[in-house]
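Everything below concerns the one structure shown next.
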Amino acid sequence: MDIFDFNPDSLLSFYLTLFRFSVVLFLLPFFGGKSIPKPVKAALVLVLTLAVWPELSFPGSLMPGNPWEILIMFLGELLIGLTMGMMVQFLFAAIQTGGQLIGFQMGFAMVNVVDPLTGTSEAVTAHFLYMIAMLTFLALDGPLHLLSGVARSFELVPPGSLLLTPEAANHVFDFSRQLFILAIRIAAPIMAALFMVDLALALIGRAAPQMHILVLGFPIKISVGFFFLSILFDIMSTYVGNYIQALDAVYGNLLRALGPGLGG
């Protein structure tokens, strides 16, 4: 007689669900940032697992019995989290790249700050645009789309069934190409405006050689750069919104390519 009504399958099912949420959420942007304390992230994973486990879970029979198979399963979960996080990091990497180009053109290449999320040093304009993009991502319910992608992974990629297919690699490569295109689109208006300023200063320097063009050029370029930087916010919100809207379809195609349906 089982006094406590203990069901091993239910416990293993909870562990599998916890594995998926813990690995994926710790690697996704915003959820897995270094600025969030680890106890807070662990509590978030546990709360989310308890919230979705009654409705969204894996059967306990999928838990491998061999320790090496458990390790391989965990590595597969890790790869899913890395892939899903990378698809979102492309957006922020493109914005940071555009900010680096803008900072170089404005003369801010030597003014660097440390990104608290990644710990890397970047131009102040790149960090500023990154923070604006992150706030826009949060305002447009970007984290909900990330959680929606995690929920779809329960249906499309069961534990231990991850397949590295050419279709999945093509999805990642095709999406990575948009990084540089988006960076140029973000930086192009300011780069064009600052090029016109450089051209005007060059003409002034030819017409009046006695003027100190270098001293005069820095404040002008900074003022023009900040003016067009304020106009760039509307453009960035459009790009971030379009990216978020396409995220569901991107995750769906990627997870189908990683799952056993397409690969098998």
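The values are calculated or read from the model by the stated rules, or taken from the named source; none is laboratory data. As the structure is a computational prediction, the values presented were derived from the model and not from experiment. Here the Cβ positions follow ideal geometry from the backbone for every residue, glycine too, while neighbour counts run over all protein chains shown.
Please indicate, with yes or no, whether at least one residue in segment 190-202 is in a helix (DSSP H, G or I) and under 17 Å from Gly252 (Cα atoms).
No: segment 190-202 contains no residue that is in a helix (DSSP H, G or I) and under 17 Å from Gly252 (Cα atoms).
Within segment 52-95, which residues are closer than 25 Å to Leu138 by Cα and either among the hydroxyl-bearing types (Ser, Thr, Tyr) or without any contact (Cβ under 8 Å) to a residue 40 or more places away in the chain (or both)?
Thr83
Select from segment 153-184 the residues that are surrounded by fewer than 17 Cβ atoms within 10 Å (Cβ to Cβ), closer than 13 Å to Gln100 by Cα and not β-branched (Val, Ile, Thr) and list them in ascending order.
Answer for segment 153-184, where residues must be surrounded by fewer than 17 Cβ atoms within 10 Å (Cβ to Cβ), closer than 13 Å to Gln100 by Cα and not β-branched (Val, Ile, Thr): just Phe180.
Looking at Gly261, Gly241, which is the one that is modelled with pLDDT under 80, out of contact with any Phe, Trp or Tyr (no Cβ under 7 Å at 6 or more places or on another chain) and part of a helix (DSSP H, G or I)?
Gly261
Give the residue that is modelled with the lowest pLDDT, with candidates limited to residues of segment 1-54 that are surrounded by fewer than 19 Cβ atoms within 10 Å (Cβ to Cβ) and of a type in the set (Ser, Thr, Tyr).
Here the residue is Ser35.
Would you check which residues across segment 99-129 are hydroxyl-bearing (Ser, Thr, Tyr) and either assigned to a loop (DSSP other than H, G, I, E, B) or at pLDDT 85 or above (or both) and list them? Spell out how you get there, then give the answer.
Residues of segment 99-129 that are hydroxyl-bearing (Ser, Thr, Tyr), as a first pass: 118, 120-121, 125.
The answer is Thr118, Thr120.
Name the single residue, out of those in segment 163-214 being in contact with a Gly (Cβ under 7 Å, 6 or more places away or on another chain) and modelled with pLDDT of 80 or more, that is farthest from Ile235 (Cα to Cα).
Leu201
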